[in-house]
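Right, one structure below, let's go through it.
The values are calculated or read from the model by the stated rules, or taken from the named source; none is laboratory data. Since this is a predicted model, take the numbers as computed values, not measurements. Cβ: placed from backbone, ideal geometry, glycine included. Neighbour counts: every protein chain shown. Note: areas computed on protein heavy atoms with side chains; ligands, DNA, RNA excluded. Shrake-Rupley method; radii C 1.70, N 1.55, O 1.52, S 1.80 Å.
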Amino acid sequence: YKKFRKINTMSLGVLRLGSAAFSMTLLSNGSIDGFWAKKVKMWDVAAGICIIKEAKGIVNFKKFKNYNVDLIAGNKFLIKKMKKVLK
């Protein structure tokens, strides 16, 4: 929650929908500017990663055991800022 609060304070607000796939489609069509998730299953975000990349967005992710991933998605400027905050 500490990182969530920090991003919320630095932005115009944080939207938490509860669906990684839907959030990622909103990012790909420009309705939201960035997305991050921690320890989600790869099968929950795989299609969203493809959609964001097709829309020329950037997705950085780190794989863990049991198909878990952490990821950040958005444009190159926002990802750089989000990485600093989410360390």
How much of the accessible area of the range 14-80, in percent, comes from carbon and sulfur atoms when a 1.4 Å probe is used? 56 percent
Tally Lys and Arg at +1 and Asp and Glu at -1 over the other residues with C-beta under 13 Å from the C-beta of Leu27: what net charge comes out? 0
For a quick check, take a GNM of the chain with Cα springs below 10 Å and name the residue from Phe77, Phe35, Phe22 with the largest mean-square fluctuation. Phe77
Pick from Gly74, Gly57, Gly18: which residue has the top mean-square fluctuation in a GNM of the chain where Cα pairs under 10 Å get a spring? Gly18
With +1 on the Cβ of every Lys and Arg and -1 on the Cβ of every Asp and Glu, and nothing else charged, how large is the dipole of the range 17-71 about its Cα centre, in debye rounded to the nearest 20? 300 debye
Gained length - Phe77 relative to Asn29, 0.36 nm times residue gap less alpha-carbon distance: 15.6 nm
To the nearest Å², the heavy-atom accessible area per residue of the range 12-62 with 1.4 Å probe amounts to 65 Å²
How far apart, in nanometres, would the label points at Lys6 and Asn60 be if each is projected 7 angstrom from Cα along the Cα-to-Cβ direction? 1.4 nm
